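The structure appears right after this line, and notes come after that.
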Amino acid sequence: MSANERTFKAVIFDFGGVLTNPMDDTAVAFAKEIGLPAFAYRDTVAFDPAGRALYAQLERGDISQTAWNQGIADILGIDADNLMGRALATLAPEKLVVHAAQSIRAAGLKTAILSNSMGLEPFNPYTPWDLEANHDVIVFSEQHRIRKPDTAIYQLTLDQLGLPGSACIFVDDNPSNLIPAQNLGMATVHATTPEETVAKLQQLLGITLG
């Protein structure tokens, strides 16, 4: 049975870069604000081995956001105070996808958030989205000590939804994070532009998402 012939009961969304504007955009804006080269901050957290290790530790809950702030600040030679909050100052809801998620729930399906955590304190990046009120299941990696692409965190999300993978769609902007979802039987959507993401969801679900 093809994905278009299946009856889906839930859509699982990644957070950063799916329900938000692109994370790279926030990283570049932050670097420019503090006088660093445009991609200095992004490259530190995404490509530098030490920076990547710190992010993985934060996502698993092995270190606090405060410790992450200090570690990244030390690499870049910048002020550590509220670094995550400052770096995400321009993070904003991607309204087209947020509204699509609302339409999915209004149509009687469940929605879930599966996010590799950016820490919840002292700065909570999720607050403006009011995720608990707008989705049926919320899974932050740090609270379970596992992170994408570990298959266990996808299975945990399915268990909390009470659904098999075949009944779910998973949306993520990182292609490598789609593979474990596919292995569990989920249909997947690679989030690129908001317009394309919503169009793919409409095609799979067979409903208009306004």
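The values are calculated or read from the model by the stated rules, or taken from the named source; none is laboratory data. None of the values given here were measured: they were computed from a predicted structure. Note that we place each Cβ from the backbone using ideal geometry, even for glycine, and neighbour counts take in every protein chain shown. For accessibility, only protein heavy atoms count, side chains too; no ligands or nucleic acids. Shrake-Rupley method; radii C 1.70, N 1.55, O 1.52, S 1.80 Å.
Is it fair to say residue 173 is farther than 20 Å from residue 6 by Cα and buried (at least 19 other Cβ atoms within 10 Å of the Cβ)? Break it down stepwise before answering.
Numbers: farther than 20 Å from residue 6 by Cα: yes; buried (at least 19 other Cβ atoms within 10 Å of the Cβ): yes.
Criteria met by residue 173.
For region 106-153, name all the residues that are among the aromatic types (Phe, Trp, Tyr) and either farther than 21 Å from residue 95 by Cβ or in contact with a His (Cβ under 6 Å, 6 or more places away or on another chain) (or both). Outline the logic, then answer.
So the first thing to find is which residues in region 106-153 are among the aromatic types (Phe, Trp, Tyr), and the list is 123, 126, 129, 140.
Of everything in region 106-153, those that are among the aromatic types (Phe, Trp, Tyr) and either farther than 21 Å from residue 95 by Cβ or in contact with a His (Cβ under 6 Å, 6 or more places away or on another chain) (or both) turn out to be 123, 140.
Do we find that residue 151 is β-branched (Val, Ile, Thr) and either farther than 29 Å from residue 54 by Cβ or crowded, with 19+ Cβ neighbours inside 10 Å (or both) in this structure?
On the way: β-branched (Val, Ile, Thr): yes; either farther than 29 Å from residue 54 by Cβ or crowded, with 19+ Cβ neighbours inside 10 Å (or both): no.
Considered against the rule, which asks whether it is β-branched (Val, Ile, Thr) and either farther than 29 Å from residue 54 by Cβ or crowded, with 19+ Cβ neighbours inside 10 Å (or both), residue 151 comes out as no.
Kindly indicate the residue of region 108-127 that is in contact with a Ser or Thr (Cβ under 9 Å, 6 or more places away or on another chain) and assigned to a loop (DSSP other than H, G, I, E, B) and also surrounded by the fewest Cβ atoms within 10 Å (Cβ to Cβ) among those meeting that condition.
121
If you scan region 15-51, which residues turn out to be open to solvent by less than 10 Å² (accessible area, probe 1.4 Å) and either in contact with a Cys (Cβ under 9 Å, 6 or more places away or on another chain) or not hydroxyl-bearing (Ser, Thr, Tyr) (or both)?
If the condition is that a residue be open to solvent by less than 10 Å² (accessible area, probe 1.4 Å) and either in contact with a Cys (Cβ under 9 Å, 6 or more places away or on another chain) or not hydroxyl-bearing (Ser, Thr, Tyr) (or both), then 15, 18, 19, 27, 30, 31, 51 are the ones that fit.
Any residue in region 80-98 that's acidic (Asp, Glu): show its pairings with residues that are open to solvent by less than 40 Å² (accessible area, probe 1.4 Å) and part of a helix (DSSP H, G or I) at Cβ separation under 6 Å, as long as the two are six or more apart or on different chains.
94/194
Could you check region 78-98 and list, in sequence order, the residues that are assigned to a helix (DSSP H, G or I) and open to solvent by 40 Å² or more (accessible area, probe 1.4 Å)? If you could, list the steps in order and put the result at the bottom.
Here is the first cut: in region 78-98, the residues assigned to a helix (DSSP H, G or I) are 83-87, 95-98.
Scanning region 78-98 gives 86, 95, 96.
Kindly check whether there is at least one residue in region 118-125 that is touching a helix residue (DSSP H, G or I) at 6+ places or on another chain (Cβ under 8 Å) and of a type in the set (Phe, Trp, Tyr).
Looking through region 118-125, at least one residue is touching a helix residue (DSSP H, G or I) at 6+ places or on another chain (Cβ under 8 Å) and of a type in the set (Phe, Trp, Tyr).
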